[in-house]
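**Student:** My questions will all concern the structure given below.
Read the figures in this text as sums done on the coordinates, not as results from a lab. Fair warning: this is a prediction, and the values are worked out from it, not measured in the lab. Virtual Cβ from ideal backbone geometry, glycine too; neighbours counted across all protein chains shown.
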Amino acid sequence: GQNIDQPTEMTATEGAIVQINCTYQTSGFNGLFWYQQHAGEAPTFLSYNVLDGLEEKGRFSSFLSRSKGYSYLLLKELQMKDSASYLCAVRDWDGSNYQLIWGAGTKLIIKP
Amino acid sequence: DGGITQSPKYLFRKEGQNVTLSCEQNLNHDAMYWYRQDPGQGLRLIYYSQIVNDFQKGDIAEGYSVSREKKESFPLTVTSAQKNPTAFYLCASTRLVPPNTEAFFGQGTRLTVV
C-alpha cells in the first residue's frame with residue numbers, strides 16, 4: 001500500500017540545525033515535496049526532489065534516496081519563525097491518475 | 001498575480017444545513033483538490049478533479065459533494081449528512097505535467113457548526 005511516515009514532533013534550539021526525516025512506500029513514485037505549515041495557515045511549498053541527491057535553497061535543504069524510500073529536510077541556523085509543522089508529500093502514479101500522498105506532518109518547536 | 005482563492009475564511013453553520021465553500025484559481029492548473037484538516041492532524045483528501053466535468057472521491061468523501069463545471073472553479077458542499085463537519089478545509093491546485101507540479105493552497109476555510 002501507500003504510506004508516509006514522519007516523526008510527530010521535534011524540538012530544537014534557535015541557531016542550531018535540525019533534520020526531519022520522511023520514509024515512504026508507494027508504487028509509482030513521481031517526486032517528493034516538503035511543505036511548511038504555520039498554525040492556522042495553509043501549507044507553503046519548500047522543496048521538490050525527483051532524483052537522488054541534495055537540493056539546497058538557502059537555509060533549507062532536502063535530500064532524496066529513491067532506493068531507500070527516504071527523504072530528509074535539513075534546516076540550518078534555526079530561527080523562532082521556523083516553528084511550524086513540516087509536511088512530506090509524495091506524487092504517485094497509480095496507473096491512471098497522479099495522486100498526492102501526504103504524511104501527517106512533523107511539528108517543530110524552536111526554543112530560545 | 002496568479003493564485004488560488006478560498007472564501008469565506010470563517011464560516012458558521014447550523015446543524016442540518018448544507019453549506020458551500022468556494023475555491024477559484026487563475027493558475028491554469030488542471031488538477032484541484034479539497035482537503036480536511038483537524039487540529040494536530042495531517043491533510044485528508046475529500047475529493048479531487050483532474051479535468052473539467054470529472055472528479056473522484058478521496059478517502060473521506062461521505063457527506064460532501066463537489067462540481068467542476070469550469071477549470072478555474074471547484075466548490076465543495078458540506079451536506080447535513082456529514083456528521084462532524086467542524087474542521088479546517090483547504091483547497092489546492094497543481095499542474096499535472098512536469099515541471100513545477102507542486103501544490104498551491106488557498107488560505108483555508110474554518111467551518112464551525114453551531
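**Student:** Suppose each label sits 7 Å from its Cα in the direction of the beta carbon; what would the B:T20-A:R59 distance come out to in nanometres?
**Tutor:** Between B:T20 and A:R59, the label points sit 4.3 nm apart.
**Student:** Which FRET efficiency, nearest 0.05, do A:D94 and A:A16 yield, Cβ-Cβ r, R0 30 Å?
**Tutor:** For A:D94 and A:A16, the calculated efficiency is 0.15.
**Student:** I would also like to ask the following. Let me check I have the definition right: for segment A:22-77, take the eigenvalues of the Cα gyration tensor, multiply each by 5, take square roots. What are those semi-axes in whole Å, largest first?
**Tutor:** After diagonalising the Cα gyration tensor, the semi-axes are 20, 15, 9 Å.
**Student:** Taking a virtual spin label 7 Å from the Cα of B:Q56 along the C-beta vector, which residues in segment A:6-46 bring their backbone nitrogen under 15 Å of it?
**Tutor:** A:27-30
**Student:** How many angstrom lie between the Cα centre of segment A:93-112 and the Cα centre of segment B:21-73?
**Tutor:** Comparing the Cα centres of segment A:93-112 and segment B:21-73, I get a distance of 17 Å.
**Student:** Same structure, new question: If I model a spin label as a point 7 Å beyond the Cα along the Cα-Cβ vector, how far apart are those points for B:S80 and A:A39 in nm?
**Tutor:** With each label placed 7 Å out from Cα toward Cβ, I get 3.6 nm.
**Student:** Continuing with this model, one more query. Give the order of B:K14, B:K71 when sorted by the count of other beta carbons within 10 angstrom, beginning with the fewest.
**Tutor:** The most exposed by this proxy come first: B:K14, B:K71.
**Student:** Another question about this same structure. Can you pull the mean other chain C-beta count within 10 Å for peptide B:43-56?
**Tutor:** Counting Cβ atoms of other protein chains within 10 Å of each residue's Cβ and averaging gives 2.
**Student:** Could you list the GluC sites (Glu not before Pro) in segment B:50-82 that lie in coil according to DSSP, counting only those with at most 15 other Cβ atoms within 10 Å of their Cβ?
**Tutor:** Taking segment B:50-82 and a limit of 15 other Cβ atoms within 10 Å, the loop GluC sites (Glu not before Pro) found are B:E62, B:E69.
**Student:** log10 I(q)/I(0), Debye, Cα-only chain B, no solvent, q = 0.12, 0.23 Å⁻¹?
**Tutor:** -0.38, -1.35
**Student:** I would also like to ask the following. Please give the net charge around B:G63, taking every other residue with its beta carbon less than 12 angstrom from that of B:G63, where Lys and Arg add +1 and Asp and Glu add -1.
**Tutor:** +2
**Student:** If you don't mind, another one. Quick one: if you take sqrt(5λ) for each eigenvalue of the C-alpha gyration tensor of the protein assembly as shown, what semi-axes come out, biggest first, whole angstrom?
**Tutor:** 29, 21, 15
**Student:** For B:N100, project a label point 7 Å along Cα to C-beta. Then give me every residue of segment B:27-43 with its amide nitrogen under 17 Å of that point.
**Tutor:** Under 17 Å, as judged by backbone N against the label point of B:N100, lie B:27-32 of segment B:27-43.
**Student:** Here's a follow-up. Under 26 Å between alpha carbons, and skipping anything fewer than 8 positions from B:K14 in its own chain: which lysines qualify?
**Tutor:** B:K57, B:K83
**Student:** If I model a spin label at A:D5 and A:M80 as a point 7 Å from the Cα along the Cα→Cβ vector, what separation in nanometres do I get?
**Tutor:** 3.6 nm
**Student:** Something else now. For segment A:30-53 and segment B:98-114, what is the separation of their Cα centres, given in Å?
**Tutor:** After rounding, the separation between the Cα centres reads 13 Å.
**Student:** Okay, next question. Would you list, by chain and number, the lysines whose Cα falls below 23 Å from the Cα of A:K107, excluding same-chain residues fewer than 8 positions away?
**Tutor:** Cross-link targets: A:K57, A:K76, A:K81.
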